[in-house]
1. If the requirement is being in contact (Cβ under 8 Å) with a residue 12 or more places away in the chain, more than 19 Å from T136 (Cα to Cα) and not in a helix (DSSP H, G or I), which of these qualifies: K227, K219, K212?
2. Enumerate the pairs (first residue in region 173-198 and farther than 18 Å from L128 by Cβ; second residue anywhere and part of a helix (DSSP H, G or I) and among the β-branched types (V, I, T)) with beta-carbon separation below 8 Å, excluding pairs fewer than 6 apart on the same chain, so at least 6 apart or on different chains.
3. From the set of residues in region 128-166 that are at pLDDT 95 or above and in a loop (DSSP other than H, G, I, E, B), which is surrounded by the fewest Cβ atoms within 10 Å (Cβ to Cβ)?
4. Go over the candidates L233, L174 one by one and state the one that is at pLDDT 95 or above, more than 20 Å from W49 (Cβ to Cβ), in the same structural domain as E127 (by TED's automatic domain parsing) and surrounded by 15 or more Cβ atoms within 10 Å (Cβ to Cβ).
5. Starting from region 108-129, take each residue that is at positive phi and list its partners that are at pLDDT below 95, counting only C-beta distances under 9 angstrom and pairs at least six apart or across chains.
6. How about region 174-209: which of its residues are aliphatic (A, V, I, L, M), under 19 Å from S150 (Cα atoms) and part of a helix (DSSP H, G or I)?
7. On the basis of being modelled with pLDDT of 95 or more and at positive phi, does G92 make the cut?
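The values are calculated or read from the model by the stated rules, or taken from the named source; none is laboratory data. Since the structure is predicted, the reported quantities are computational estimates derived from the model, not experimental observations. Cβ coordinates were reconstructed from backbone atoms using ideal geometry, including for glycine residues, and neighbour counts include every protein chain displayed.
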Amino acid sequence: MAAAAATTRSSTEEVLQPALGAVSEPPPLFDGTTRLYICYFCPFAQRAWITRNCKGLQDEIKLVAINLEDKPAWYKDKVYPQGTVPSLEHNGKVAGESLDLIKYIDSNFQGPALLPQDDAKRQFADELIAYAGAFTKALYAPLLSRVEMSDEAVAALDKIEAALSKFSDGPLFLGQLSLADIAYVTILERVQIYYSHLRNYEIAQGRPNLEKFIEEMNKIEAYKQTKNQPLILLDVAKSHLKIA
């Protein structure tokens with residue numbers, strides 16, 4: 001039900017504004033407007049962006065894109081001292097860290113709930129979200145160290161494959177769209193591209209649950225509207241992360 005609601009509420013494509021760079025003036029900060037600061041290419045910012053879209057908050061939460069390669073000084077000085085994205089300006093305060101922020105958006109704004117009421121599913125969602133950081137490190141490590149593959153990366157993918165079979169009511173982790181899916185899909189989107197192009201390794205091959213998960217997520221408008229072209233993501237990763 002949540003997936004259907006999110007798709008319906010996010011069906012109108014949003015016009016994205018150019019990213020703000022070093023010479024850009026800041027928006028009128030702390031004027032009561034809720035702003036989500038992102039980078040269009042960042043998987044962590046994309047998590048918060050998807051969550052906003054899934055809850056139908058395009059009017060309530062304004063997107064402000066930051067050019068991380070040419071970052072405006074005011075962003076770190078006046079908005080978020082860490083200087084990273086995502087961050088959320090809300091009620092006179094700024095919160096960050098993507099996995100915390102998606103929970104904050106889900107809890108503090110109206111829209112479809114993205115965590116289940118069922119105790120067993122809620123506990124599993126919490127476990128999955130807690131593992132997302134380790135999963136990301138395991139999958140990026142071979143790319144950053146320029147090795148073909150690692151046992152840790154294979155094990156991490158196999159763990160997600162198994163997790164996708166825990167409940168039998170749908171191709172997503174909990175049967176319906178949740179923060180657990182959002183925590184992983186932006187990383188999977190990228191590593192699927194990187195490993196295919198740079199390692200000739202298909203992450204979904206031999207993992208039917210993962211293949212179905214990716215197919216299902218690609219049907220959800222709230223997510224689709226945040227995606228970039230695969231080769232653009234590959235070029236960004238090569239230049240910014242120096243993966244090869």
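1. Numbers: K227 fails: more than 19 Å from T136 (Cα to Cα); K212 fails: not in a helix (DSSP H, G or I).
Within the list K227, K219, K212, the selection yields K219.
2. Cβ pairs passing all conditions: Q192/I214.
3. S165
4. On the way: L233 fails: more than 20 Å from W49 (Cβ to Cβ).
Exactly one of L233, L174 is at pLDDT 95 or above, more than 20 Å from W49 (Cβ to Cβ), in the same structural domain as E127 (by TED's automatic domain parsing) and surrounded by 15 or more Cβ atoms within 10 Å (Cβ to Cβ), namely L174.
5. Short answer, once both residue conditions are applied: G111/A5; G111/A6; G111/R9.
6. First pass over region 174-209, keeping only residues aliphatic (A, V, I, L, M): 174, 177, 179-180, 182-183, 185, 187-188, 191, 193, 198, 203-204.
Right, trim to under 19 Å from S150 (Cα atoms) and you get 187-188, 191, 193, 198, 203-204.
Those that are aliphatic (A, V, I, L, M), under 19 Å from S150 (Cα atoms) and part of a helix (DSSP H, G or I): I187, L188, V191, I193, L198.
7. Values: modelled with pLDDT of 95 or more: yes; at positive phi: yes.
Yes: the conditions hold for G92.
Residue-by-condition table, conditions (1) touching a Gly at 6+ places or on another chain (Cβ under 8 Å); (2) assigned to a loop (DSSP other than H, G, I, E, B); (3) surrounded by 19 or more Cβ atoms within 10 Å (Cβ to Cβ); (4) of a type outside the set (A, V, I, L, M):
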{"residue": "V64", "(1), (2), (3), (4)": "no, no, yes, no"}
{"residue": "K76", "(1), (2), (3), (4)": "yes, no, no, yes"}
{"residue": "T84", "(1), (2), (3), (4)": "yes, yes, yes, yes"}
{"residue": "L88", "(1), (2), (3), (4)": "yes, no, yes, no"}
{"residue": "Y104", "(1), (2), (3), (4)": "no, no, no, yes"}
